[in-house]
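The values are calculated or read from the model by the stated rules, or taken from the named source; none is laboratory data. Note that the coordinates shown come from a computational prediction; the quantities given were computed from them, not determined experimentally. Here Cβ is always computed from backbone atoms with ideal geometry, including for glycine, and neighbour counts include all displayed protein chains.
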Amino acid sequence: MKTIVSKVGNPRFLLLFFLVLVFPLSLAAQDLIALHPLRASAESASMAELFFDRMRRELPEAGGGDYGAFIIDLTRLPPDVPAGGFPPYICPSPSITGRSLYAITGEASPDEVFPGAFRMRLYLWRMDGSRLLGSDEMTLTGPGDLEMTGGFLAYVLSWIEEDVPAEPVIIYAEPEIVLVPVEAEPHEENWLYVGVRGGMGYSRWTYDYRDSSTHHDVTSFISTNISAQASVYFTHFFAVQTELNYVYDVKTDGDSYSSQSLNVPLLAKFVMRGAHIKAGIFGGIYYHLPLSQSGSAEVRDYYDYTADFPGFVFGMSMGWKVGPGYLFIDGRFAYDGHWFTSDLGTINYRNSTRVSVGYEMGFFQKNK
């Protein structure tokens, strides 16, 4: 006769009965929250792992025993989830969150305001409807700040009760704030500027007829010039400039005549400067030195002329930063005459207008 042994008393049967019936009932009393590993940059990876491990351990206590942690395994992902999971700002797929009613995703990044610190941002999702309940972050300056994880996690879980995003509250340790002054782009400051220029214009010579003390005539000349100049800047806005100007005047009609001379001015110059532009006005006196004349003897005698000192000149310039120096344009009006004589037959005065283009460079930089 066979002996019938009841399987109810078999220990393995009792264990299976516990797993099938009792364990699911115990989980039913606890809502599961799926924890998605934090997405982190290379420099934030170590701190992100410490924070995630601490969050996994603190979750039940932070939730007052009402929540359990379900850790998402990123090494075994279904086809609808990309490698590494979705970005933290996208609700995770239900295929990786199991039976969880909620899910927490997050990201870690270096703090741009406080060097050496890290920002841990968490997103809380309600799985039914894939609804974001809220997002906030805390700042960690080191492993010692992980003690605040539980409090921050409890704050995040409080959104489940409110079911609306809470007002942002940033929790961070006491970082050292360092203010770094930002200087504006400096203007170039030099004591000396040296340059050359060349251009053209015209001269008007006014003279007396030999047989009349009242009737005047005016002769026009084409005027070209080549110049070297040097400016000493005593302040940012004021400089004294001197020049050596070679002038060649040619008569435009009638008898052929030309004149060569040097003008040596002494000018006061007022300048406004930016990082890439420079503009100024100037005025002063000059000395006129005749060099040579060409033409018939009678014409040379007729235009023979040496101005009394001083002559007067004024004008303006505009420069643009090009390479190590400034490319500039110079326009000026000059006037000289016989101030102390009224002899008949001599030229009374001359004036000239000239426009030149040049280039100047600075030397001997001022201390900043």
Could you give every pair whose Cβ atoms fall below 7 Å, whose first residue belongs to the stretch 262-284 and is closer than 25 Å to residue 323 by Cβ, and whose second residue is acidic (Asp, Glu), counting only separations of at least 6 or pairs across chains? 275/185
If you scan the stretch 297-317, which residues turn out to be in a strand (DSSP E or B) and either loosely packed, with under 15 Cβ neighbours inside 10 Å or not β-branched (Val, Ile, Thr) (or both)? 311, 312, 314, 315, 316, 317
Subset of the stretch 44-60 (residues that are surrounded by fewer than 21 Cβ atoms within 10 Å (Cβ to Cβ), closer than 21 Å to residue 92 by Cα and among the small types (Gly, Ala, Ser)): 45
Please specify each residue of the stretch 60-94 satisfying the condition of being part of a helix (DSSP H, G or I) and at pLDDT 90 or above. 94
When you scan the stretch 127-147, how many residues do you find that are at pLDDT below 90 and assigned to a strand (DSSP E or B)? 0
Quick check on the stretch 175-191. Is at least one of its residues at pLDDT below 70, outside the structural domain of residue 149 (by TED's automatic domain parsing) and not in a loop (DSSP other than H, G, I, E, B)? no
Sole residue being closer than 24 Å to residue 31 by Cα and surrounded by fewer than 15 Cβ atoms within 10 Å (Cβ to Cβ), chosen from 63, 68, 98: 98
Matching residues in the stretch 28-43 - criterion: being surrounded by 13 or more Cβ atoms within 10 Å (Cβ to Cβ), modelled with pLDDT under 85 and not in a strand (DSSP E or B): 30
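So that you can scan it fast, the table gives a plain yes or no per residue for (1) farther than 23 Å from residue 198 by Cβ; (2) out of contact with any strand residue (DSSP E or B) (no Cβ under 9 Å at 6 or more places or on another chain); (3) of a type in the set (S, T, N, Q):
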site	(1), (2), (3)
281	no, no, no
298	yes, yes, no
328	no, no, no
332	no, no, no
335	no, no, no
353	no, no, yes
Run down 326, 287, 335 and say which single residue is at pLDDT 90 or above and out of contact with any Lys or Arg (no Cβ under 9 Å at 6 or more places or on another chain). 287
